[in-house]
Amino acid sequence: MQIWEPHALGETTVVHAGVVEVAVAGTTDVTVTPVAEGVWLIDAPEATGVQWKVPCVNTVAFWTPGSGTRWVPPIWNAPMSARLTVGAPVVSLVGTAGANVCTAALAESVAPVSFTGGLIEETGEFVFTLQGDGLRVRIDLSDRLYSAALAGVAEWWQQGRHLPPTPRQARLPVYSTWYSMHQEVTEEAVELQARLSKRLGCETIIVDDGWQTADRARGYAFCGDWEPNKEAFPDIASHVRRVQSDGMAYMLWYALPFVGKHNAAFERFEGRFLRYLDHMDAAVLDPRHPEVRAFLVGRLAQAVELWGMDGLKIDFVDRFATPGGDPAPADGADCAEVDEGVRRLLHDLDARLRRTRPQVLIEHRQPYTSPGLWPYANMVRATDCPLSPQENRQRTIDLRLTAGPVAVHSDMILWHPDEPAEQVAVHLINALFSVPQLSVDLAAQRPDQLAAVGFWLGIFRRHLDALQLGVLEPAQPEHGYPLVRAYDGETTIIARYAPLAVDVPGTGEVLVANADPDPRVVLYGEGEARAEVFDCGGSLVRADRLRFDAGACLVEVPMGGLLKLRRD
């Protein structure tokens, strides 16, 4: 087979996945297995690369798990990488109306792999090139929705694995201290926000950076010893019990890889660093050393074992990966690869925490979203995008499409104190298909702002099963998902982020959340339905009976408001 020259793999063996010719480099030991209509598994345990191409007919977007523009890239586009600590090994070429053109994924792996996807300008074909050591590739050429193809990848990643169940607590609204307090955290401030957020519908509080230091320079020079700042937290165990007595779970933040220059651990582990970060005043510990792993496990475990925490926010796992390539291990390392050291570290930490708290809550964050990390986290959060509701929407939907059993959380939602209540609701609607995290000073909010928060957190909670566990169908990834739908056997929930018409199913309860300034919502359906319109704070605006006699009708739903439809 002629391989497109910019991505030549050398001598290859050609196999077929349906009508597509697949070139496999480095081995002749290749097995092709059809697993569903239009879906094939290619097993090549000795392969170094796999490549194939498909015609770009009715193609509109190239979906990747990293969140970003959805353009169809040219062949000379830089490759993407995935490894245990960064990214997930899956991509999808998307057609018009959300149809799958080709979705490709690799079995989860500790070792780094690379994906290159690009258009051949001369032929209008799209080339997929996957490279790594030993490849098990899933190619989906079916014409179902791209979201269904990606859900199939997540199901494949789960096959044969015994993962701990995700606690219900991990799917309930959260208050975080990061944007609202940054490092200015104290026992009194945390307890106040815990009480106020509980009244609104939050069930967990995450205390972020600042609990371990009196320094307020926003660096990491004081991370690594992981002892409470006694001025702000004189008795952290008693403080945790007070928060929990109000019915809130308590989680604590750790920057796992970092040891700052002002910590005793810095001198202790010098020579067992992966690198030093001048701009952070901290080094990255090398997890290939067993004494480094033992130290980190012991430091983090005391939060659960001694202070009574319900879980941990484990930050910066992706920073274990060194840009440009990991250094060779120093003497005393017991494994050669950094990602293997990270896997052992997280495995040992998980085993120890579960001895004390079997339902422990663990949060990870983009971009460390590999399915290889699923055993060690039950929450994954969109990376920082403060005051960017559209970005929060895109990142959470991206995560949802391949998150498998892990609960997807929004980045912390904040707003300016003068924000209209309608826009507060828009922030929340943009995170509707994830677990919302709030991070504003709730004591400083106006009554109308609090009403919007309470109303929408109630929607999150009452319809959790449909929103988080139902079928997810985000439309138009090339436009950042301007319309998203989720449904289970009883309820369909649709969020409208642009002035688009909405197709109404013929059965069950239907909720339409309007995050667009245009209140004119065009509905297509059949028959009749009872309609209730609520404003952003949950007050009933009107109740009508709708008839879809002409196939469509118009309903005014205010920005930040909700339409409920019920069939007789």
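Quick one: 3J(HN,Hα) in Hz for segment 16-21, Karplus 6.51/-1.76/1.60 with θ = phi - 60°, rounded, Gly and Pro as x.
Each residue's phi maps through the Karplus curve to give 10, 10, x, 8, 8, 8 Hz.
Determine the distance separating the Cα centre of segment 217-235 from the Cα centre of segment 260-284; give it in Å without decimals.
So the two Cα centres are separated by 16 Å.
Decide, for segment 1-118, between rounded, prolate and oblate: order the square roots of the alpha carbon gyration tensor eigenvalues as a ≥ b ≥ c, take rounded if a/c falls under 1.5, and otherwise choose prolate if a/b is larger than b/c, else oblate.
rounded
Could you work out how much longer the chain between K261 and E532 gets when fully extended? Use 0.36 nm per residue separation minus the Cα distance between them, nm to one decimal.
91.6 nm
What's the Cα-based Rg to Rh of segment 450-568, Rh via Kirkwood?
Looking at segment 450-568, the ratio lands at 0.93.
Please work out the C-alpha center-to-center distance from segment 128-153 to segment 546-568 and express it in whole Å.
38
Under 5 Å between amide hydrogens, which residues at least 5 positions from G95 or on another chain qualify, with H placed 1.01 Å from N in the peptide plane?
Answer set, sorted by chain and number: V60, N100, V101.
Please list, in order along segment 247-259, the HN-Hα scalar couplings obtained from phi with the Karplus expression 6.51 cos²θ - 1.76 cosθ + 1.60 (θ = phi - 60°), rounded to whole Hz, x for Gly and Pro.
With coefficients 6.51, -1.76 and 1.60, one gets x, 9, 7, 10, 10, 10, 7, 9, 8, 3, x, 8, 10 Hz.
Evaluate the distance, in nm, between pseudo-label points positioned 7 Å from the Cα of W76 and of L306 along their respective Cα→Cβ axes.
With each label point 7 Å from Cα toward Cβ, the separation is 5.8 nm.
Residues with amide H under 5 Å of K313's amide H, sequence separation 5 or more or different chain, H placed in the peptide plane at 1.01 Å from N; which?
L252, W253, Y254, E363
Scaled to the compact-protein estimate 2.2 N^0.38 Å, what is the alpha-carbon radius of gyration of segment 370-460, rounded to two decimal places?
For segment 370-460, the normalised Cα radius of gyration is 1.13.
Please report the net charge: other residues with Cβ closer than 14 Å to the Cβ of D331, K and R +1, D and E -1.
Neighbourhood net charge equals -2.
Using only C-alpha positions, report the orientation-averaged shadow area of the convex hull of the chain, nm², one decimal.
Taking a quarter of the hull surface, the average projection is 27.0 nm².
Roughly how many Å² of D418 are accessible to a 1.4 Å probe, to the nearest 10?
Surface accessible to solvent at D418 totals approximately 120 Å².
Can you sort E188, E363 by solvent-accessible area, 1.4 Å probe, largest first?
Result, largest first: E188, E363.
Heavy atoms of the protein only, probe of 1.4 Å, neighbouring chains included. What is the accessible area of R136 in Å², nearest 10?
Approximately 100 Å² for this residue.
For n ≥ 4 DSSP H runs only, could you compute -39500 (n - 2.57) per run for the chain, divide by its residues and tell me the 222 nm figure to the nearest 500?
Rounded to the nearest 500, it is -6500 deg cm²/dmol.
Give me the percent relative contact order of the chain, please, defined on Cα pairs under 8 angstrom at least 6 residues apart.
Across the chain, relative contact order equals 11 percent.
Quick one: Karplus J couplings for segment 219-229, per residue in order, coefficients 6.51, -1.76, 1.60, θ = phi - 60°, nearest Hz, x for Gly and Pro?
x, 10, 5, 10, 9, x, 7, 6, 10, x, 6
The values are calculated or read from the model by the stated rules, or taken from the named source; none is laboratory data. In this text the structure is predicted, and so the values were computed from the model without any measurement. We place every Cβ from the backbone using ideal geometry, glycine too, and count neighbours over all the protein chains shown. Remember, those area values only see protein heavy atoms, side chains included, never the ligands or the DNA or RNA. Shrake-Rupley method; radii C 1.70, N 1.55, O 1.52, S 1.80 Å.
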